[in-house]
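The values are calculated or read from the model by the stated rules, or taken from the named source; none is laboratory data. From a predicted model like this one, the values you see are computed outputs, not experimental measurements. Heads up, the Cβs are rebuilt from the backbone with ideal geometry, glycines too, and the neighbour counts pull from every protein chain shown. Heavy atoms of the whole protein, side chains included, go into the accessibility calculation; ligands, DNA and RNA do not. Shrake-Rupley method; radii C 1.70, N 1.55, O 1.52, S 1.80 Å.
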Amino acid sequence: MSTAVELIESHAAELRGFGASLPDDFGDAVRELESQLDEDELGRWAETGIALANHSLRSWEAAAEYFRASSDVLDHLSFDQLMGWTGLATELADRSSVVAAAFLKATPDVLDQLPPEGLEPWARQGEQLCRGNWKSIALASLFFGTSPRLLDSLDLDQLNELLGVVDTLTERSYELATTCLEGSPPIFDELAPRDREPFLQ
């Protein structure tokens, strides 16, 4: 019996308690990762995902994104870096499982733009927007979701400047902040590189 099959069978009952799709997400991921990780690493990866699913009431949603994204993330990160990525997601899940799920889902595309050491500052940027109310949770999730496209045009420092603008707008209106963030990718796509920093200023 392969390691993947053993892990699927040993965690099947627990995963079924989180919803119909999670066992399938886990099974698909563990079979794919079996060729990328050694036996000990695959076991640690599985235990980490199960721990995330158990972390809070709805953190199984973040665990589902962890299972789905891990193989693509491993195209960019070492196993130890992947464990660090999961740690960032767990910290975000302390604030909101929805935000953690958005972070995990966006990571593969973000890693096409950022080096591995950029993951933590990017995670902290989104965390800054999350203040516990539903509007801030939606805004932080939107930030992570739009980050891959924003990083086509902006570097991490410029993304932080944009975040400061969005964060300031929340003091007046979350709707205005949301509109600003939603509208930013096409605006910066159209601006010439030399014009992006002056526009941010």
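Taking +1 at the Cβ of each Lys and Arg and -1 at the Cβ of each Asp and Glu, which of 154, 142, 106 sits farthest along the dipole of region 106-159 towards its positive end, judged by Cα position relative to the Cα centre?
The residue sitting most towards the positive pole is 142.
Calculate the dipole size of region 13-74 relative to its Cα centre from +1 charges on Lys and Arg beta carbons and -1 charges on Asp and Glu beta carbons; express the result in debye to the nearest 20.
Working: 5 positive and 14 negative charges, 69 e Å.
Here region 13-74 has a charge dipole of around 340 debye.
Relative contact order of region 47-191: what whole-number percent is it, with Cα pairs under 8 angstrom and at least 6 residues apart?
On the way: 161 pairs, mean separation 28.3, N = 145.
Once divided by the residue count of region 47-191, the mean separation gives 19 percent.
Please give, to one decimal in nm, the separation of the simple spin-label points placed at residue 156 and residue 201, each 7 Å out from Cα toward the Cβ.
Here the modelled spin labels are 2.4 nm apart.
Which value, in Å³ per residue, describes the convex hull spanned by the Cα atoms of the chain? Walk me through the intermediate numbers first.
On the way: hull volume 21.8 nm³, N = 201.
Expressed per residue, the convex hull around the Cα atoms of the chain is 109 Å³.
Between region 128-173 and region 26-68, what is the separation of their alpha carbon centroids in Å?
28
Let me know the charge dipole size of region 123-171 about its Cα centre in debye, to the nearest 20, where only the beta-carbon of Lys, Arg (+1) and Asp, Glu (-1) is charged. Could you put the intermediate results ahead of the total?
Numbers: 4 positive and 7 negative charges, 56 e Å.
Charge dipole of region 123-171: 260 debye, to the nearest 20.
Please calculate how many Å² of accessible area the chain carries per residue, with a 1.4 Å probe and no DNA, RNA or ligand atoms counted.
Numbers: 9620 Å² over 201 residues.
Per residue, the chain has 48 Å² of solvent-accessible surface.
About its Cα centre, what dipole magnitude does the chain give when the only charges are +1 on Lys and Arg Cβ and -1 on Asp and Glu Cβ, stated in debye to the nearest 20?
On the way: 14 positive and 37 negative charges, 181 e Å.
With Lys and Arg at +1 and Asp and Glu at -1, about 860 debye.
Could you order peptides 170-179, 133-142 by the average number of other Cβ atoms within 10 Å of their residues, highest first? The partial results should precede the final answer.
Numbers: 170-179: 14.5, 133-142: 18.4.
Listed from highest to lowest mean packing, they are 133-142, 170-179.
When the accessible area of region 78-128 is computed with all protein chains present and a 1.4 Å probe, what percentage of it is carbon and sulfur? Show your work: numbers first, answer last.
Working: 890 of 1940 Å².
That fraction is 46 percent.
Computed FRET efficiency, Cβ-Cβ of residue 2 and residue 54, R0 25 Å: what is it to the nearest 0.05?
Details: r = 25 Å, r/R0 = 1.00.
About 0.50, to the nearest 0.05.
Which residue, 59, 184, 71, tops the fluctuation ranking in a GNM of the chain built on C-alpha contacts under 10 Å?
Judging by the Gaussian network model, the answer is 184.
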